[in-house]
Structure formats: C-alpha cells, structure tokens
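The values are calculated or read from the model by the stated rules, or taken from the named source; none is laboratory data. This is a predicted model, so every value here is computed, not measured. Here Cβ is always computed from backbone atoms with ideal geometry, including for glycine, and neighbour counts include all displayed protein chains.
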Amino acid sequence: MRYGYFDNERKEYVIDRPDVPVSWTNYLGTEDTGTVISHNAGGYMFSGDPETHRVTRFRPNGVPLDRPGHYVYLRDNADGDYWSISWQPVGKDLSKASYITRHGLSYSVFECDYRDIHASQKLFIPRGRKCEIWDVTVKNNGPAARKLSVFGYCEFSFNIIEIDNQNFQMSMYCSGSRYADGVIECDNFYNPGMYHYFTSTFEPSGYDCVRDSFIGVYRTESNPVGVEKGVLSSSTELGNNQCGALSCDFTISPGETKRFVFILGVGDLMAGKAEKKLFSSMSAVDKAFDELCAYWKAKTDTMQVKTPSADLDTMLNTWNLYQSETNVVFSRFASFIEVGGRTGLGYRDTAQDAMCVVPSNPGQCRKRIIQLLRGLTSSGYGLHLFSPEVFDPDIPKVEPFKSPTVKPMPEPSSMVHGLKDTCSDDALWLVPSICEFVRETGDVAFLDRKFGYADGGEGTVLEHMEKILEFSAKQVGKSGICLGLRADWNDCINLGGGESALVSFLHYWAIDEFIGLLEHTGRQDRIPHFEEMKAKVRQACERELWDGEWYIRGITKSGRKIGTSADEEGKVHLESNSWAVCSGLAQGEHARKAVEAIDKYLYGEWGIHLNAPSYSKPDDEIGFVTRVYRGIKENGAIFSHPNPWAWVAAAKLGMGDLAMRFYNSLCPARQNDRIEVRQSEPYAYCQFVMGRDHTAYGRARHPWLTGSAGWAYFAATHYILGIRPDYDGLVVDPCIPASWDGFEVDRIFRGKKLHISVSNPEHIQKGKPVFFSTADLDSGELSVVMKP
Ligand code: GLC
C-alpha cells in the first residue's frame, strides 16, 4: 500500500493520501532556527536550542497525532462550514475533500481542494532569518463569488521544555501577550529578551492571543470556537496559555486567486513589525523562497548520479543527502522522538555525521569537528554528551535563564565526566572524520590549528588525534582487546567491564587512517610508533576474536566470549563482523567468511539485523541489550546505522551484487509501496526496523535523526559507486552489480566540476581502482572502464 510518490523533478515527496499510519515529518530551517513539521502541519518551531528556546508548543506522543501545529483554516461565511488546508486538524471526510502534502528541501506545502476552493499553504524559514513564512494562496474554482475567512493559528510554548510540560506554577503566569498594529507578541516575562511574534502582511480582521479563547473549552484544534463562529475575540492576557491567531475576511470572485502571508518569528513586537514590513511585498517572499531553493541546489549539485537503480538515484540525489545534512545541522535535537529533551552533541554520533557530508557542507562539518576537538579530554576520551558552547571560548558566557522554581545549576567543570561514564568508541570516530575532511577539502593547515581540551590545556589537531589513539591503546583488557568501558557504539552492549571487538577494529581503522595522514603530511618520524600499535591490535584481534566462521562481539569481564558459534542467542553480530572487514584488519578467508556470516545469519528482506538470534533472557554480563524486547532496537532489530558498514565490507571484498542487495533491503524508497508494514516515511532512513523476532517485522521507527543517513550516503557514494576523495586527487573504484552497464556522476570536488562516466563492458562487480591526480581533474571529464 502506498500513500505517496517521489517527484524527482521537483525533489519533493508528494503525499496524496494524508491518513498515513504515523506522522511523516519534514524539517524547515537550514541554520539555527528550525521547525519539525508533519504531513498534517503538526509540529513545533525552535530557535538555537529546542530544549531552552521553543517557539511553538508540541504535545509529544499525543492523542490525536502530532498536535498542535502551524495551522491555516478556511471558513465559508455563507454557511459557516470550515476546514484546514492540511487535512488535520479539521479532518474533513476524504471522499469530499482532497489533500496533498509536498515535502521539499526545507519547505512543506499543504494543498486542499474542497467545495470549489483550491488552497495551498507553503511553510519555510528564509535563509538568515529567525522566522517562518506561511505563504497561503486561495483560488476560487467555482462559478460564483464566495465570502470566506482565513485564519492562521499556532500555540506558543513556555520556551523551556521542562517548564512547558510540567510544574506550571511559574511558567503559566509568566507568559503574556499583547497586540498592536497587526502583530501579536508573546512574552516570557521572567526570561529577559524571550519574545515571539505572529503577524501577517495583510491587515487582520480579527485576532486572539489567548489559546483558550480561540479554541474554547472542551474543544480541540479540530473545532476551534473562533473559527466556528468566524469572529475572533481580541483576547490578550498576562499570565496564561498564549497563541497566535489572526484572521482575514474576504470575498473572492470566480477564477480569482488571493495570497495571504503569515509570519511566525523570534523577537518582540518591533521585530514582528519589521518582518511584516520586509515581507509586505510578495516579491520579497518569493525571493526568500528562491534563495532557499538556490541554497539546496548548490548542495545537491555537489553530487548527482545516474545509475541503473532509480531508487539509488532518488536517495543519493535528494533524500539521503538531505537527511544527512539535517543530522549535521540539527544533530539529535529535534524530532517527534527527541522532542528537544535531548540536546547537546553526542560525541560519536556527531563525529560520524560530520564525516559523511563534507562535499556539500564543509563549513558545518568543520564546525562540528572543532566542537568535538574541544569536547575531548586531555586523556584522549570524548565527553559522551556535551554542550559545545560551554567549551567554546568564542561564545560569550551568558548566565542561563534561571526559573524562579529553584533548581541548582551544575558548575561547567562538573560537565567533564570520568572514565566511568566514558564510551570506548566515542573519540575514535573523530580521527577518520578529520582525515576525510582534509581529503575532501585539501585543508592540511587545519591539522596545525590549536584547540583547547575540555579539562584544560590545548594542543594541535594532530595532537588531539594522537591522544585519542593512545587512549585506546592503553585502555585494553586482559586479552589485549580494547575495553568496552560504559558501552561501545552499541549503547546496550556493556559487557560488564569486559572487552569490545568492535572497538579494537575501530582502533585499527583509526590508526590506519592516521598513518595515511602522517604519510601525506611528511611526518615520517611518527609512523613507526603507530605501525607498531597497529600490528599489536591486529595480533590481538586475530588471536582473540576469530571464532572459526566469524568474529565474536566481545569478551565479558569474567572472560566469557559473546557472539560465538556456541551461543544460542546473540550468536552473530553485525558490528564486529562488518568492522573486521571495513577496518582493513580482516583479510582473505576471514574477511570473506565474516561477510558471508552477515548474509547468512543477519540479512533479511527489510535489512540486516544487528544480531541474531535476539536475546530472550536478561543477562547483565552482556548488557542492557538483553533487557530490550526481542526484535526491537539493539536486540535483534534491523538497526539501520550499521547496515551501511556491511555494504562497505561487501564492496571492499569486491562483492558488488551483495553490496547492492544489502543496500536495497534497507532502502526506504524501495519500501514506498509497503507502507502497511513499514509505516514510516519512505524518504528517510529510520533508526531501526522491527526484526524478524518481533510480531511487527518490517515496521520502521524513529525517522530522520539517525546515523544511518550519513553512513548510507557515505557508503553508497564512496564504496558502491566508489568515488572517494584522496589527499592528492580522486579515486574512482566502483563495486557494483555485475548486471550494470555503468553509471554517470556529476561531482564538484575542491571547486572543480567533474563529469565521471563509468562503463562496465565486461559486467564485472569490481575493477582496479583508478586514481586521478589533482592535475588530471582539470579537464573535468573522467572516464573509467572497469577492468578485472
Ligand atoms: C542510538 C544512539 C547512538 C548509538 C546507537 C546504538 O542511535 O544515538 O549513539 O550508537 O543508538 O546503540
């Protein structure tokens, strides 16, 4: 069953059946102000930090779904009938009204046809501004003139997620509103400077600032009394729940189109007035939208592919890149799952996100890398979850808002945690990310820049990298394998203080990448030390981790091996077997067998399971994973993030058919017509898909903010299509299905526009890598014939 389709020409996903099983969301905003918006215009806006600077309110995990939102209602004043431009919240009978949602790159359009009136509502956040434009058009397709009213409505938040959702004894009474000159101002009176506005470019016929006056008691956004009556009550009040509601009564002739613009923004009444003036001409609105489109065009132009797989093209050319960019901009801050209650940077997630979209967003990747360098301790471990502002000397330290409901604030020094809370993999991801940044940008000078450590002192980027590698070299257990510490990449595999195969493989990869960097920058003297370190890791891994048919997952503190052929549950794990190969450590038969074990034990039609069979009995020696229901999340679900690791592993071994089969199984676009099972949006990777040990096998959950996006993009572009930056040029090293005749790629690399055409006349899966030096790139035309 399908609910929509990809419009690749416009780079939009079009939902033509709005009653999708769960909210299908999109992201507005490309800088610090953002909105998460559903296909029904439900969602919330934030600015900077969705935990402490919410603009509009959201009732997460609520009934009904995704309320409230940024809604526009229409009312026919002849008989009082009313509807919303998005299907919800009014929810007209779908046999009488038709609705379409177009989710595009940082904008969403809602369209509705009802009783001869066509209406559309486009939401977007202009570049460089802290406001959201609601661009509404209404067209009369009927034979007679109509008297209508339009209403824009949103509910303001108490700004700080904690006091927006609980303990209202203060928050409720510090929220006030006023109205002047067509602008509604909402003020958080205790919190200096915390103002928001809602305005329109037309002169409103009516307004309401008090939520309950607009909605009415015992009513919801589905039947607000203000819309039902058609007259707003000019409410304002100090100390209540506030909203922005503005209306306009108008007459529309047959064939006529009218346009109304609402603006929701950060700032006070004056700011609202200024924005109202700025966008009072429709050409200013159009210009702002065109700028947004140009911004995205420049990004998507960094790589456009044309392959025999339409789904791969759709994902890489638009959606996968878009999702990866969203991650690097908004981290894990704001979605309908992380409703702003989890802000700050997760060390490992950020380090991986920043590795994957350097071509399209070098600036943001660099910024994230610097934040992570500052979040590294001088002992070489990263702060698992931290607020980058605390460690950034360039950000003036402002006293955070203290609610009168006294809650002690921690000292910044207490934000540096000890070994007890350290995850063993966190900082290891940063080393290859930095290498990738330099390979893509050529910015070698960055390596000598100095940054502080979270616990004091400073060092160059290279010194930070060395510390990370030394930390893992020291933190090894009895067998010489890296300690798992609090957890490794898998938050739920804790091994009771034991050793993690994954981390040793990651360590090997990071050392190998670092050696490459040392070679490139002529630091020969440091190489032997790291070669020795690398050899030691290899020996320990091959000695301790090979199980005969695959690599084990770890060793508990008591010496019990996890993920062995003797295990009935958690027998084979994806992380260790993919990373044995991705890291370059496993060679020959071991490498091949590890990938075959992934295929045999973990692969399924909806993607690759994280481990199998899933655990059924709590076992604290293994970890929290055994206390997760079977087939969910880390316990035997198809955890999406590590899936691309298996594509890389297969590609490294030249198994193009397998890499593409793995790719296809997880590919959201390929599940477009199976939404009765998948449920979630088919244009975004989800954190996980229920595994085969669950009754809802194939149901995807937690879309958007997941490391799957970046890794899927990275793995597909760098290893399946095989187009990888190198320090002195570009490598073209595809590993594709034998059936492919070839493919074409347009790529911008270090400012040069390249057209790469790959042909595969012998129908092989992998040829010899072809290296193009920087000088070779000048012609712009790269042609590669795959040869065995
Ligand atoms: C979540 C976390 C990520 C972790 C993964 C596996 O996605 O954000 O850090 O690696 O779960 O546990």
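Listed values, structure above:
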quantity: Residues of region 268-285 that turn out to be assigned to a loop (DSSP other than H, G, I, E, B) and in contact with a strand residue (DSSP E or B) (Cβ under 7 Å, 6 or more places away or on another chain), as a count; calculated: 2
quantity: Residues satisfying the stated conditions in region 604-633, i.e. buried (at least 21 other Cβ atoms within 10 Å of the Cβ) and of a type outside the set (S, T, N, Q); calculated: Trp606, Gly607, Ile608, His609, Leu610, Ala612, Tyr615, Ile622, Gly623, Val625, Gly631
quantity: Residue count for region 725-745, restricted to those that are surrounded by fewer than 20 Cβ atoms within 10 Å (Cβ to Cβ) and over 19 Å from Asp311 (Cβ atoms); calculated: 5
quantity: Failed condition for Ile395, given (1) within 19 Å of Met465 (Cβ to Cβ); (2) β-branched (Val, Ile, Thr); (3) more than 16 Å from the ligand (Cβ to nearest atom); calculated: (1)
quantity: Scope region 360-393; condition of a type outside the set (S, T, N, Q), without any contact (Cβ under 8 Å) to a residue 40 or more places away in the chain and part of a helix (DSSP H, G or I); matching residues; calculated: Gly363, Lys367, Glu389, Val390
quantity: Among the candidates Asp746, Asp726, Asp693, residue that is farther than 24 Å from Ser433 by Cα and of a type outside the set (Val, Ile, Thr); calculated: Asp693
quantity: Residue, surrounded by the most Cβ atoms within 10 Å (Cβ to Cβ), within region 538-567, restricted to residues that are more than 34 Å from the chain's Cα centre (by Cα) and of a type in the set (A, V, I, L, M); calculated: Ala540
quantity: Unique match (being more than 16 Å from the ligand (Cβ to nearest atom) and within 19 Å of Asn490 (Cα to Cα)) among Glu621, Glu634; calculated: Glu621
quantity: Check on Gly255, crowded, with 20+ Cβ neighbours inside 10 Å and either in contact (Cβ under 8 Å) with a residue 60 or more places away in the chain or not in a helix (DSSP H, G or I) (or both); calculated: no
quantity: Residue in region 340-381 that is surrounded by the fewest Cβ atoms within 10 Å (Cβ to Cβ), counting only those that are within 13 Å of the ligand (Cβ to nearest atom) and closer than 23 Å to Ala445 by Cα; calculated: Gln352
quantity: Among residues of region 410-423, those that are at pLDDT below 90 and surrounded by 10 or more Cβ atoms within 10 Å (Cβ to Cβ), counted; calculated: 3
quantity: Identity of the residue in region 130-164, of a type in the set (Lys, Arg) and surrounded by fewer than 19 Cβ atoms within 10 Å (Cβ to Cβ), that ends up farthest from Glu51 (Cα to Cα); calculated: Lys147
quantity: Condition broken by His196, with the remaining ones in (1) farther than 13 Å from Phe151 by Cα; (2) in contact (Cβ under 8 Å) with a residue 60 or more places away in the chain; (3) surrounded by fewer than 24 Cβ atoms within 10 Å (Cβ to Cβ) satisfied; calculated: (3)
quantity: Failed condition for Cys492, given (1) within 30 Å of the chain's Cα centre (by Cα); (2) away from the ligand (no atom under 16 Å from the Cβ); (3) surrounded by fewer than 21 Cβ atoms within 10 Å (Cβ to Cβ); calculated: (2)
quantity: Yes/no for Gly584 being under 30 Å from Glu519 (Cα atoms) and part of a loop (DSSP other than H, G, I, E, B); calculated: yes
quantity: Counted residues, region 272-321 - those being of a type in the set (A, V, I, L, M, F, W, C), closer than 19 Å to Thr33 by Cα and buried (at least 20 other Cβ atoms within 10 Å of the Cβ); calculated: 5
quantity: Restricting region 746-777 to residues that are among the charged types (D, E, K, R) and surrounded by 11 or more Cβ atoms within 10 Å (Cβ to Cβ), the residue that is farthest from Thr300 (Cα to Cα); calculated: Glu762
quantity: Inter-residue pairs, beta-carbon under 8 Å, first among the acidic types (Asp, Glu) and in region 330-358, second more than 14 Å from the ligand (Cβ to nearest atom), 6+ apart; calculated: Asp353/Ser324; Asp353/Val328; Asp353/Arg368
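Yes/no matrix, rows are residues, columns are (1) among the small types (Gly, Ala, Ser); (2) within 16 Å of the ligand (Cβ to nearest atom); (3) touching a residue at least 24 places away in the same chain (Cβ under 8 Å):
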residue	(1), (2), (3)
Leu447	no, no, yes
Gly457	yes, no, yes
Thr460	no, no, no
Val476	no, no, yes
Ser479	yes, no, yes
Leu485	no, yes, yes
